[in-house]
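Here the structure comes first, spelled out in structure tokens, and everything after it is commentary.
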Amino acid sequence: MRPFVCALGTLALLLGTSAGALAKCETPSDLAAVAAAEATAAAACDCCTVTTTKAQRSCVRGVVKAAVEAGSLRKTCAARVVRDGVHACPLTPASIPCKVCTSSADCEAGQFCECPTGTCGTASGVCVAKPQACPDIYIPVCGCDGKTYANDCQREAAGACKAHDGVCSGQCRSDADCNDGNPCTVDRCVNGVCEHGCVCADDAGNPTCCPGPADLCARPCGAGSSGVCGGVCPSGATCQTSPAAAASCECVSGPGGPCGGNIYPVPPVCAPGLVCKQSNPDVTGVCEAPGCIPFFQSGCAQTSDCCQPCVPGRTPPCAVCLGGECMGAP
């Protein structure tokens, strides 16, 4: 480890970089320059042709120095190219043949084809052994397979080349990783993937749906541009012309459907001929027909005679008429 540290320090003095500067090599143009320099180093400093560690590092440093002098690579990125270049070409002991590869299919069992960072298969790599154990630390890297790994060791264990440091685009570890800068969206990290749900209310509290990067918000019940009612309603209700006002749309429930209460922003109403039965005004009630048969009582001739009949789209509990009795279905 000491020779590598010395080599890295020598390069830093040569090019005027510092340990702190390494962290500053992070702009999109920097990352593109790093990938280009690493591709050049991979082609010029083939670790299976350059037979010693010292010679391979010297070759990479030469490529980096030339890139800096040509103005194609900033000095702050030099150490990063050397680090990645040497890491992507770990020279194996003389007793183990060094093998250049284009994919992991070229390697032996327990190995994978490690390619230069950012090349993702566009440049040749070298067969290296997959680690058997990895530390439990979180320094995320993005693999060329599009997956985010907790650290570089876990990426190697999975046999994936490295695309770049940090999480992959669109992937996340916390809600903060998903902030899209749009105040109209609710940004959440769900199973490592960012979801952006739009807020369905304007400043006055009226239902609306503002677009976001991923429009996950269901359209509330209302009239479309053609004037036809449509949208999402609670189970047991459908969006249709309001029984009370022909010019508006409401969620209207049939027998056994929800009604009233203060759970829903716009409570469903009962269809004409039905009444809303509630235990108290704050609780969502059930639409029933006058004279309907309650649960577990006899007197029905068909399921529709029951107060909360089981019909397509109805969420249990509901009732079916069996042997003249309204039996509950769980």
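Taking the conditions (1) surrounded by 17 or more Cβ atoms within 10 Å (Cβ to Cβ); (2) modelled with pLDDT of 80 or more; (3) not charged (D, E, K, R) in turn, residue 86 satisfies each one other than (2). Take the residues in the range 120-142 that are of a type outside the set (A, V, I, L, M) and out of contact with any Cys (no Cβ under 7 Å at 6 or more places or on another chain); name whichever of them is modelled with the highest pLDDT. Among them, the one singled out is 130.
Listed here are the residues, each with its yes/no results for (1) on the phi > 0 side of the Ramachandran plot; (2) at pLDDT below 65.
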{"position": "163", "(1), (2)": "no, no"}
{"position": "170", "(1), (2)": "yes, yes"}
{"position": "187", "(1), (2)": "no, no"}
{"position": "198", "(1), (2)": "no, yes"}
{"position": "201", "(1), (2)": "no, yes"}
{"position": "208", "(1), (2)": "no, yes"}
{"position": "238", "(1), (2)": "no, no"}
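Considering the range 262-273, the residues that are surrounded by fewer than 24 Cβ atoms within 10 Å (Cβ to Cβ) and under 36 Å from the mean Cα position of the chain (by Cα) include one that is nearest to residue 227 (Cα to Cα), namely 266. May I ask you to list the residues in the range 280-301 that are β-branched (Val, Ile, Thr), under 25 Å from residue 262 (Cα atoms) and touching a residue at least 24 places away in the same chain (Cβ under 8 Å)? Within the range 280-301, 284, 286 qualify.
One line per residue, one yes/no per condition, for (1) out of contact with any strand residue (DSSP E or B) (no Cβ under 8 Å at 6 or more places or on another chain); (2) outside the structural domain of residue 256 (by TED's automatic domain parsing):
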site: 274; (1), (2): no, no
site: 280; (1), (2): yes, no
site: 302; (1), (2): no, yes
site: 312; (1), (2): yes, yes
site: 316; (1), (2): no, yes
site: 324; (1), (2): no, yes
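Note on the range 69-78: residues that are of a type in the set (A, V, I, L, M), under 21 Å from residue 164 (Cβ atoms) and in a helix (DSSP H, G or I) amount to 1. Given the criteria closer than 27 Å to residue 246 by Cβ and surrounded by 14 or more Cβ atoms within 10 Å (Cβ to Cβ), does residue 303 qualify? No; evaluated as a whole, the condition is false for this residue.
The values are calculated or read from the model by the stated rules, or taken from the named source; none is laboratory data. Computed from a predicted model, the values in this text were never measured in an experiment. Positions of Cβ are generated from backbone atoms using ideal geometry, with glycine treated the same way; all protein chains shown enter the neighbour counts.
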